[in-house]
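The values are calculated or read from the model by the stated rules, or taken from the named source; none is laboratory data. All values reported here derive from a predicted model rather than from experimental measurement. Ideal geometry is used to build each Cβ from the backbone, glycine not excepted, and the neighbour counts take in all protein chains shown.
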Amino acid sequence: MEKTLDVVALGELLIDFTENGLSEQGNPLLEANPGGAPCNVLAMLQKYGKSTAFIGKVGNDNFGHMLADTVKSLGIDVSNLKFDDEIHTTLAFVHTYEDGDRDFSFYRNPGADVRLSAEEIDPSIIEKARIFHFGTLSMTHSTVENATIKAIQLAKDNGCLVSFDPNLRPPLWNDLSVAKEKMDYGFGKCDILKISDDEVTFFTGEADVLKGAKLIKEKYGIKLVCATLGKDGSYALYGDKVVKCNPFLNPNTIETTGAGDTFMGSVLNSVLEVGIDNYDEDSLLGMLTVANAAASIITTKRGALKVMPKEDEIKEFIKTR
């Protein structure tokens, strides 16, 4: 089948309630931001002019329809976004600390996103994709896990590159050893991996992030591994090459929601343009530079999905370094 879609992602689509000041009575005001890591990645890819589609499930409620309308308005194909009549849209409440780091409280026991079933996946959407992207949050419950496994198999059968971001959220796992098992599964299936410093240490027990990332890359034979270091930049591991890129520290940072997804979308855009087999040190550094800059810009905005930076904005920002 002709590859008419650049990236298809499966996973959670939810509302991130982020803090936005205080009311006249001194109560915290919460803003309902559309979110969910896999869809954030697609939103960034749309800004690069790529074609994307999302597979997932929301509640047949006000938030679910708001999310569907928002995602559709960004140009993302939502023909395989389902509505659940019984279970509400998943909600996440994000508490932001002074340094911009976050703490999450999830209302997802269950939430609509975990009710996506294997039977609800339209194979033709994945068949048309160049890259299939997923994370571990679509493997926390058996129904959506079966859907994820089916989608990955379809991607493999149809020659798609497979991209994985564990996006570990400890509150969503009853047992973190199961989270580790699902990360192991994802590492074994992917060609492209984005992993944070915390996730490297969690999985390998290795405090040295580069050492841990190398262990994962070598054990699973992953072509391209990008390890993010928060305020310390990022690494790319490719073949025997290791490239480090310094961060773009931003004085206007207010919260880091979506930074990793913006980074991931930028990496996938690079893979689509350069080709997974064509990287050298210069193109790896170029990929990380754009990804770090884009991630820095998103930290100056609340939420992620609706406020991804434009390509020219990223280019201008890079010139300021």
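I need the full set of residues from region 66-91 which are out of contact with any Lys or Arg (no Cβ under 8 Å at 6 or more places or on another chain) and either of a type in the set (S, T, N, Q) or closer than 26 Å to PRO28 by Cβ (or both), in order please.
MET66, LEU67, SER73, SER79, ASN80, HIS88, THR89
What are the pairs, 6+ residues apart or on separate chains, where a residue within region 174-191 that is of a type in the set (Lys, Arg) has its Cβ under 9 Å from a residue that is part of a loop (DSSP other than H, G, I, E, B)?
Going by the 9 Å Cβ cut-off, the qualifying pairs are LYS182/THR140; LYS182/PRO166; LYS182/TRP173.
What strands (runs of 3 or more DSSP E) lie completely within region 159-274 and have 2 or more residues being more than 24 Å from GLU12 (Cβ to Cβ) and not small (Gly, Ala, Ser)?
Output list reads 234-238, 241-245.
Working only within region 280-309, note down all residues that are closer than 21 Å to PRO38 by Cβ and outside any helix (DSSP H, G or I).
THR299, LYS301, ARG302, GLY303, ALA304, LEU305, LYS306, VAL307, MET308, PRO309, listed by residue number.
Regarding GLU255, is this residue in contact with a helix residue (DSSP H, G or I) (Cβ under 8 Å, 6 or more places away or on another chain), surrounded by 15 or more Cβ atoms within 10 Å (Cβ to Cβ) and among the acidic types (Asp, Glu)? Walk me through it before giving the result.
Working: in contact with a helix residue (DSSP H, G or I) (Cβ under 8 Å, 6 or more places away or on another chain): no; surrounded by 15 or more Cβ atoms within 10 Å (Cβ to Cβ): yes; among the acidic types (Asp, Glu): yes.
Considered against the rule, which asks whether it is in contact with a helix residue (DSSP H, G or I) (Cβ under 8 Å, 6 or more places away or on another chain), surrounded by 15 or more Cβ atoms within 10 Å (Cβ to Cβ) and among the acidic types (Asp, Glu), GLU255 comes out as no.
I'd like to know if region 258-266 contains one or more residues that are closer than 28 Å to CYS160 by Cβ and over 19 Å from the mean Cα position of the chain (by Cα).
Here is the first cut: in region 258-266, the ones closer than 28 Å to CYS160 by Cβ are 258-266.
Right, trim to over 19 Å from the mean Cα position of the chain (by Cα) and you get none.
No - not one qualifying residue is present in region 258-266.
Scan region 115-128 and give yes if some residue there is buried (at least 16 other Cβ atoms within 10 Å of the Cβ) and under 16 Å from GLY36 (Cβ atoms), otherwise no.
Yes, region 115-128 contains at least one residue that is buried (at least 16 other Cβ atoms within 10 Å of the Cβ) and under 16 Å from GLY36 (Cβ atoms).
Considering only residues of region 120-158 that are of a type in the set (Ser, Thr, Tyr) and not in a loop (DSSP other than H, G, I, E, B), which is farthest from LEU13 (Cα to Cα)?
Here the residue is SER124.
Could you tell me which residue of region 285-312 is surrounded by the fewest Cβ atoms within 10 Å (Cβ to Cβ), considering only residues that are within 25 Å of ALA68 (Cβ to Cβ) and without any contact (Cβ under 8 Å) to a residue 60 or more places away in the chain?
Applying the filter and picking the extreme gives VAL307.
Which of the residues spanning region 58-113 are of a type in the set (Ser, Thr, Tyr) and either closer than 28 Å to GLY230 by Cα or outside any loop (DSSP other than H, G, I, E, B) (or both)?
Of everything in region 58-113, those that are of a type in the set (Ser, Thr, Tyr) and either closer than 28 Å to GLY230 by Cα or outside any loop (DSSP other than H, G, I, E, B) (or both) turn out to be THR70, SER73, SER79, THR90, THR96, TYR97, SER105, TYR107.
Return the pair list, or none, for Cβ contacts closer than 8 Å from residues in region 29-54 that are farther than 16 Å from SER138 by Cα and without any contact (Cβ under 8 Å) to a residue 40 or more places away in the chain to residues that are among the β-branched types (Val, Ile, Thr) and assigned to a strand (DSSP E or B), at least 6 apart or on different chains.
Matching pairs, first to second residue: ALA32/ILE15.
Can you find, within region 85-105, the residue that is surrounded by the most Cβ atoms within 10 Å (Cβ to Cβ) among those that are modelled with pLDDT of 95 or more and hydrophobic (A, V, I, L, M, F, W, C)?
Among those that are modelled with pLDDT of 95 or more and hydrophobic (A, V, I, L, M, F, W, C), it is ILE87.
Which pairs do you get when a residue that is over 20 Å from VAL41 (Cα atoms) and in contact (Cβ under 8 Å) with a residue 60 or more places away in the chain, found in region 118-140, comes within reach of a residue that is among the basic types (Lys, Arg) and buried (at least 20 other Cβ atoms within 10 Å of the Cβ), reach meaning Cβ atoms under 8 angstrom, with the pair 6+ apart or on two chains?
As it stands, the answer is GLU120/LYS57, since those pairs meet every condition given.
Mind counting the residues in region 183-206 that are of a type in the set (Ser, Thr, Tyr) and in contact with a Leu (Cβ under 6 Å, 6 or more places away or on another chain)? Walk me through it before giving the result.
In the first step, residues of region 183-206 are kept if they are of a type in the set (Ser, Thr, Tyr); the result is 185, 196, 201, 204.
Then keep just the ones that are in contact with a Leu (Cβ under 6 Å, 6 or more places away or on another chain); that gives 204.
Counting residues in region 183-206 that are of a type in the set (Ser, Thr, Tyr) and in contact with a Leu (Cβ under 6 Å, 6 or more places away or on another chain) gives 1.
Just to be sure, is VAL225 over 20 Å from the mean Cα position of the chain (by Cα), within 18 Å of LEU285 (Cβ to Cβ), aliphatic (A, V, I, L, M) and surrounded by 17 or more Cβ atoms within 10 Å (Cβ to Cβ)?
No, not satisfied.
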